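Read the figures in this text as sums done on the coordinates, not as results from a lab. What you see is a predicted model; the values in this text were computed from it and never measured. Cβ atoms come from the backbone with ideal geometry, glycine included; neighbour counts cover every protein chain shown.
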Amino acid sequence: MKLKIFIFTTIVFAVLSGVLIAKNNDLNRRFDNLESVFDSAGNDLRFLKEENSTLLENNTQLKNSISSYVNITNKLKNESTNFKNRVRDSESSASAKKEKLRKLEEEVKSKDFELTKAEKKYSIDVGKLTEETKGLNAQLLREKALAYYNLGLAYVRGGFYNEAIESWENALRIDSSDFDAHYNLAVIYETKKKNTNKAVFHYNKYLQLNPDEADCSEIREKLRKLR
């Protein structure tokens, strides 16, 4: 009876031991699985911490970028406002300048009109003055030529033939059509200076300027002899 109990106890113990060993092995396996899960969870946690740190850094950079963007935007808004104000002031100034320019143009046109009138009047006055001056100059020249001619006659009467020649040549420089001066020079060169060439020259000039004079036939005969 005791042996049976011992055997039964041994069997029971063996069965129980097997069961306990199996459970223990199962627990060990589960524990190992848990450790693996914990390790994996730890790795995931470290990864999440690293990701979180990176996100925090990125968030800080983003905040700084946003702050910089806000500052730039505000600056641009201020510059835009200032530019609009300057444009408005420029437009106002340009409008004032255009008005001033318009007034100046009107003033210039008015001055041009007055100047044109003055120029026309001046042109008329100058034209009249020019004609009067021409007439006066012509009269003065005629009087001057006559004075030289009369001076030549006075020199001849005094026997100053060279001076007489110079006076009549001066008269001819003023009025080359004075045939009397040519005649007087021809006589002086023929009779006093014995210069046949110059005498012939002035006799020919006299005939050209005064071909219908009564003494022309006599002078032509004289020229025929002088040649």
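A few remarks follow.
- Under 13 Å, Cβ to Cβ, from TYR161 - net charge with Lys/Arg +1 and Asp/Glu -1: +1
- Listed residue pairs exceeding 22 Å between alpha carbons, taken from LYS205/LYS225; LYS193/LYS222; LYS134/LYS198; LYS198/LYS222; LYS192/LYS225; LYS198/LYS225: LYS134/LYS198
- Cα gyration tensor shape for segment 132-179, rounded if a/c is under 1.5, else prolate or oblate: prolate
- Over segment 133-226, Cα pairs under 8 Å with separation of 6+ residues give a relative contact order of 20 percent.
- Convex hull volume per residue in cubic angstrom - Cα atoms of segment 133-226: 94
- Projecting the Cα atoms of PRO211, TYR161, TYR148 onto the charge dipole of segment 133-226, computed from C-beta unit charges around the Cα centre, puts TYR161 farthest toward the positive end.
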